[in-house]
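For reference, the structure discussed in these notes is given below.
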Amino acid sequence: MISLTHFLVLSAILFTIGLMGVLMRKNVIIVLLSIELMLTAVNLNFIAFSHYMKNPVGQVFVFFVMTVAAAETALGLAIVVALFRNIETVNVDEINQLKG
């Protein structure tokens, strides 16, 4: 039987991988994917706690998180496409035109 600890450890590993991707990578698309990985780790925690506490509220929160993640991805990719058309790069270090 898989215990709650297994889910929490897996979630922590996924969240750490996502956090390292956000902090270490310079490609905007990889940063967006890393944020999605972090949100997936949070969803895994919600589902695990929902299952073990026999409370479906966590599953409802997962739908909200998935909705926010889908919207974030759509907006993020639209911004990346617009930036790529204007600057022709997706490197975070080279995108400095948004600075005041």
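The values are calculated or read from the model by the stated rules, or taken from the named source; none is laboratory data. All values reported here derive from a predicted model rather than from experimental measurement. Counting neighbours? That spans all protein chains shown, and the Cβs are built from the backbone with ideal geometry, glycine included. When the accessible area is computed, the model is the full protein with side chains, heavy atoms only, and any ligands, DNA or RNA have been set aside. Shrake-Rupley method; radii C 1.70, N 1.55, O 1.52, S 1.80 Å.
Odds and ends about this structure:
- Looking only at region 14-28, residues that are open to solvent by less than 70 Å² (accessible area, probe 1.4 Å), aliphatic (A, V, I, L, M) and modelled with pLDDT under 95 come to 2 in all.
- Qualifying position, being out of contact with any His (no Cβ under 7 Å at 6 or more places or on another chain) and under 24 Å from residue 96 (Cα atoms), among 58, 18: 18
- When residue 48 is tested against the conditions (1) open to solvent by less than 60 Å² (accessible area, probe 1.4 Å); (2) more than 29 Å from residue 3 (Cα to Cα); (3) in contact (Cβ under 8 Å) with a residue 40 or more places away in the chain, the lone failure is (2).
- Cross-chain or 6+ apart pairs with Cβ under 7 Å, region 68-97 first and farther than 18 Å from residue 34 by Cβ, then assigned to a loop (DSSP other than H, G, I, E, B) and open to solvent by 90 Å² or more (accessible area, probe 1.4 Å): 87/97
- If you go through region 51-74 and keep only what is closer than 28 Å to residue 87 by Cα and open to solvent by less than 40 Å² (accessible area, probe 1.4 Å), you end up with just 69.
- Test: residue in region 31-45 that is open to solvent by less than 70 Å² (accessible area, probe 1.4 Å) and touching a residue at least 60 places away in the same chain (Cβ under 8 Å): yes
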